[in-house]
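All remarks here apply to the structure that follows.
What follows draws every value from the coordinates through simple rules; no lab data is involved. This structure is a prediction, so every number in the text was calculated from the model and none was measured. Virtual Cβ from ideal backbone geometry, glycine too; neighbours counted across all protein chains shown.
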Amino acid sequence: MTTTDAPRLTQYAHGGGCACKIPPGELESVVAGLVGTGAPKGPGELLVGLDDGDDAAVVSLANGTAVVATADFFTPVVDDAYDWGRIAAANALSDVYAMGGTPVVAVNLLAWPRDLLPMELAGEVLAGGLAVAREAGCHLAGGHSVDDPEPKYGMAVTGIADPDRLMRNDAGVAGVPLTLTKPLGIGVLNSRHKGTGEVFDEAVAAMTTLNLGASIAALKAGAVCATDVTGFGLLGHLHKLARASGVTARVEASRVPYLGGARQALQGGYVSGGTRRNLDWVRPHLEAGVGEDELLLLADAQTSGGLLVAGEVPGYPVIGELIPGRADGVTLEVRA
């Protein structure tokens with residue numbers, strides 16, 4: 001780890017990265033009235049919408065192509081402006097990869113406190129986003145900005161996919177393993193970074209790594225069910241996947257990989273409110289054979305985390321399996 005004397009962007013934010021999401025239970029209540037409202041007149045058929053809280057919307061067109069659409073933005077998760085831009089872009093693009101799609105074009109979403117922070121820093125954020133979009137082979141064309149007391153950045157991304165080869169969170173079946181393509185611990189390390197200024201290079205590297213390779217590998221392995229692990233933590237996203245698929249997910253806690261320093265950050269008390277809300281949300285659906293600290297790490301609010309795939313993906317660790325759904329409503333079993 002290293003330290004930096006650069007402007008502390010994280011001090012201008014009430015939360016960091018995907019940990020600043022609206023809690024999952026509250027969000028589901030808000031959008032409940034928008035589900036199943038009927039199809040509008042117009043081109044295409046909606047294949048994936050709000051019903052199961054998937055990673056992106058998908059519309060199938062008459063020419064056999066599916067359009068994948070998503071938007072994602074958040075407050076600073078690191079103090080370095082360029083790195084924040086890279087992380088936010090990788091996180092937004094991840095929603096398309098999680099559906100098995102290819103990003104085609106993105107537009108910037110920027111909120112900036114122009115009276116508090118120099119616009120040159122905003123330029124560095126945008127440059128970081130552009131660098132990652134170019135790495136992904138995705139066009140970046142314009143966007144929208146507002147003057148806001150709190151800095152926020154992200155992208156709206158449009159991609160394409162084969163409608164017959166989507167990875168959805170409602171397509172899981174009992175008997176298949178669960179694969180995780182990035183280690184956990186990003187949330188507690190980012191909380192420690194916000195509190196101390198320490199820079200965790202391994203965490204930055206994980207957050208700026210595109211899920212492109214993992215998505216391609218999952219599709220090649222025949223996966224039809226996946227999600228990415230972001231603000232609702234591994235347990236939160238896995239609960240949504242299991243609930244949508246009508247199965248129960250069993251996690252072997254000892255097989256879950258973590259970034260270096262994650263457990264030390266947890267012991268130091270660097271746990272975000274978002275992480276605690278994640279655990280509270282899933283607890284009624286959870287049968288736990290591990291202690292509270294382990295559960296907090298499994299519920300840790302990630303930013304630009306990896307893919308969680310129902311199926312074995314070569315080169316990535318298997319952390320559990322899907323089993324038949326339980327009659328008592330338990331969607332998550334966590335074993336030591």
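Things worth noting here:
- Size of electric dipole in the chain: Cβ of Lys, Arg +1 and of Asp, Glu -1, about Cα centre, debye, nearest 20: 340
- Computed label-point distance, nm, for sites GLN267 and VAL173 using a 7 Å Cα→Cβ extension: 4.5
- The range 171-217-the range 272-336 distance, computed between alpha-carbon centres (Å): 14
- Residue list for the range 221-262, given a label point 7 angstrom along the Cα-to-Cβ vector of ASP162 and an amide N cut-off under 17 Å: 221-226
- Remark: the Cα gyration tensor places the chain in the oblate category, a/c being 1.5 or greater and a/b not exceeding b/c.
- Shape class of the range 241-336 from the Cα gyration tensor (axes a ≥ b ≥ c, square roots of the eigenvalues): oblate, since a/c reaches 1.5 or more and a/b does not exceed b/c.
- Of all complete DSSP H helices in the chain, those with a Cα span along the helix axis of 20 Å or greater and a mean Kyte-Doolittle hydropathy of -0.5 or more are 81-98, 119-136.
- Structure-based [θ]222 nm, the chain - -39500 (n - 2.57) summed over DSSP H runs of at least 4, per residue, nearest 500: -9500 deg cm²/dmol
- Rounded if a/c under 1.5, otherwise prolate or oblate - the range 177-335, Cα gyration tensor axes: oblate
- Take each peptide in 131-141, 243-253, count the other Cβ atoms within 10 Å of every residue, and average; sorted highest first, the result is 243-253, 131-141.
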